[in-house]
Structures are given as C-alpha cells and as structure tokens.
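Report on one structure; see the data block that follows.
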C-alpha cells in the first residue's frame, strides 16, 4: 500500500459550504463543510484509510490537514475535491495570472494519512499562515 497518493486537486463551491458560510465562518457548520477533502472510495482504499481519517494534502504552495470524506460523485480516481475556504487557500496556487483570481483547478497534490495530526480550527489555521515571522 502506498504511503502517499499523487492526485489532481480541484476546488469549488458546495451547497454545504454556502450554508455554513451563512451561519458564519467561525461556526461549526462552516468548519465541517470546508475542512474536508472529498476522495474517490478506491483512493481511500489505496491509502489504507477509512472515511473521516485525517489526511495531509500537500502541493507546491503549502500543506494542510483535512478530514477525508468519501465522494458521492464517483468514479474519479486520482482526483480530490476541496470546498472553497481558508483550508483550500493554503494549498491553492496563489498566482492570479493578471485576472485577480487564483487557479483553483488542476493543482497537483499528494495525499497521505495524518491520523496523529489535527485539522486546525480556523483561528489556528489563520494564526499559522499569517502571523508575523
């Protein structure tokens, strides 16, 4: 079983993300709707993990721990989906290509189990990303 899986990451809006955002970005509903990584069930098996296991998502732009969720829209092996939000922003390409919007589709990523690492709260995530060094 591989300890890492190479995937293509896409991000976008979901109904759950929109509802959570309306409740407030500090709400539990928002956290549970965006701090997740939707994966093909076969990819979960390839990593030897079950749904709701924490995974580390790494790209050339950053790394973030998310909750692995079994995608209901399958099959799509090798493709993961992360809803728009601060957690997706950590691993998305920040280059706006002169249009003011970063690339949220087609980013190469690696996924690995992170059972012993927590999914950071919004406050902790922002503190880690933006504190002065």
Worksheet item: Can residue 88 be described as closer than 23 Å to residue 117 by Cβ, in contact with a helix residue (DSSP H, G or I) (Cβ under 9 Å, 6 or more places away or on another chain) and exposed (fewer than 13 other Cβ atoms within 10 Å of the Cβ)?
Response: no
Worksheet item: Any idea how many residues of segment 95-114 are under 15 Å from the mean Cα position of the chain (by Cα) and either at pLDDT below 95 or closer than 14 Å to residue 59 by Cα (or both)?
Response: 10
Worksheet item: Can you tell me which residues in segment 77-87 are modelled with pLDDT of 95 or more and outside any strand (DSSP E or B)?
Response: 77, 78, 87
Worksheet item: Does residue 119 satisfy being at pLDDT 90 or above, outside any strand (DSSP E or B) and surrounded by 11 or more Cβ atoms within 10 Å (Cβ to Cβ)?
Response: yes
Discussion item. Being closer than 18 Å to residue 4 by Cβ and surrounded by 14 or more Cβ atoms within 10 Å (Cβ to Cβ) narrows it down to one residue among 34, 69, 80; which is it?
Written reply: 80
Discussion item. Considering only residues that are in contact with a helix residue (DSSP H, G or I) (Cβ under 7 Å, 6 or more places away or on another chain) and crowded, with 20+ Cβ neighbours inside 10 Å, which ones fall in segment 37-57?
Written reply: 57
Item to complete: Please enumerate the residues belonging to segment 16-49 that are outside any helix (DSSP H, G or I) and closer than 14 Å to residue 111 by Cβ.
Response: 36, 37, 38, 39, 40, 48, 49
Discussion item. Cβ contacts < 9 Å: first residue at positive phi and free of Cβ contacts under 8 Å to residues at least 40 places away in the same chain, restricted to segment 36-50; second residue part of a helix (DSSP H, G or I) and surrounded by 20 or more Cβ atoms within 10 Å (Cβ to Cβ), any location; separation 6+ or different chain. Result?
Written reply: none
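The values are calculated or read from the model by the stated rules, or taken from the named source; none is laboratory data. Quantities reported herein were computed from a predicted structural model and do not represent experimental measurements. As a convention, Cβ positions derive from the backbone with ideal geometry for all residues, glycine included, and neighbour counts pool all protein chains shown.
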